[in-house]
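Shown next, in structure tokens, is the structure this report addresses.
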Amino acid sequence: MTVFSFIGIEMVGMTAAETQDPENVIPKAVNNIPLRIIIFYVGAMIAIMVIYPWTAVNADQSPFVMVFKAIGIPAAAGIVNFVVITAAASACNSSLFITGRMLASLTKDARHPATRKLSLLSKHHVPGNAIGFSSIVIAITIGLNYFIPDYVFTLVSSVATTCFLLIWASVVLTHLKYRKTESGRKSTFKMPGAPVTDYLILVLLAVVTIVLCFRWDTGIALLLSLAWFIVMYIVSTRIYTRRKVELQ
């Protein structure tokens with residue numbers, strides 16, 4: 001769940017194409033992320049444990065609600081729920097922003113006309129078709145909530161975590177390869193401690209993958225995600241082979 005909370009952190013890099021001065025804006029945004037994590041996550045945990053001992057926290061209740069009630073705020077549950085809903089809506093909005101643009105970029109050169117339509121931009125230069133398709137996929141989780149309400153959150157979060165473990169690993173491997181190029185050596189905004197930190201990240205991602213296997217619910221999600229990637233790899237390989245044969 002901790003790793004799942006960091007999903008979307010790579011959006012900072014994706015917005016480089018949306019900014020007028022990415023060389024100055026992106027480094028500032030990236031450097032602000034650790035500071036925000038320390039203040040809003042670590043700081044919140046410290047504040048909770050100062051007021052409420054961690055050994056007394058009930059896993060079935062929000063620690064924020066318990067703390068607010070302890071200091072005399074009876075409307076704590078309503079306040080926390082409002083904050084959670086607002087944060088979830090904001091995260092969903094950001095995800096749609098990135099997913100729509102990424103899907104439009106990936107389908108821009110698609111061979112099938114129907115697939116290529118996902119890359120079309122509206123009059124406001126927004127990939128409306130890609131965003132609409134992404135919204136439909138998100139809406140599937142609403143249906144799942146009616147069939148497996150007690151398991152849908154764990155399923156979705158575990159599948160998302162597994163997918164992003166592979167995505168982040170791909171980013172790190174790409175960074176390792178990039179550093180070997182001339183552009184990587186001349187970069188003005190370098191990753192601290194690289195390439196050692198790159199390998200440490202890969203080890204951390206591997207450890208998280210192993211941890212997912214210790215629970216049956218997250219283990220099933222891990223297997224489903226891996227099966228999906230294998231299917232997509234087979235399909236993409238066949239399409240690539242077919243195109244290569246046709247070009248010859």
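For the reader, a short list of remarks on this structure follows.
- FRET efficiency estimate (nearest 0.05) - Cβ-Cβ, ILE79 to TYR178, R0 45 angstrom: 0.50
- In Å, descending, principal axis extents of the Cα set of the chain: 74, 49, 44
- Distance from the alpha carbon centroid of segment 1-26 to that of segment 210-225 works out to 27 angstrom.
- Share of alpha-carbon pairs per 10 Å distance bin for segment 151-248, given as whole %: 14, 31, 26, 23, 6
- Cα centroid of segment 90-125 to Cα centroid of segment 142-205, whole Å: 21 Å
- Efficiency of FRET between ILE26 and SER135 - r from beta-carbon atoms, R0 25 angstrom, step 0.05: 0.35
- Evaluating 6.51 cos²θ - 1.76 cosθ + 1.60 at θ = phi - 60° for every residue in segment 80-87, the Karplus couplings come out as 5, 4, 4, 5, 5, 5, 4, 5 Hz, glycine and proline recorded as x.
- Near VAL80: Cβ cut-off under 15 Å, other residues only, Lys/Arg at +1 and Asp/Glu at -1. The net charge is 0.
Just so you know, all these numbers are worked out from the coordinates, no wet-lab data involved. Because the structure is a prediction, the values reported are computed rather than measured. Methodologically, a virtual Cβ is constructed for each residue, glycine included, from the backbone with ideal geometry; neighbour enumeration extends over all protein chains shown.
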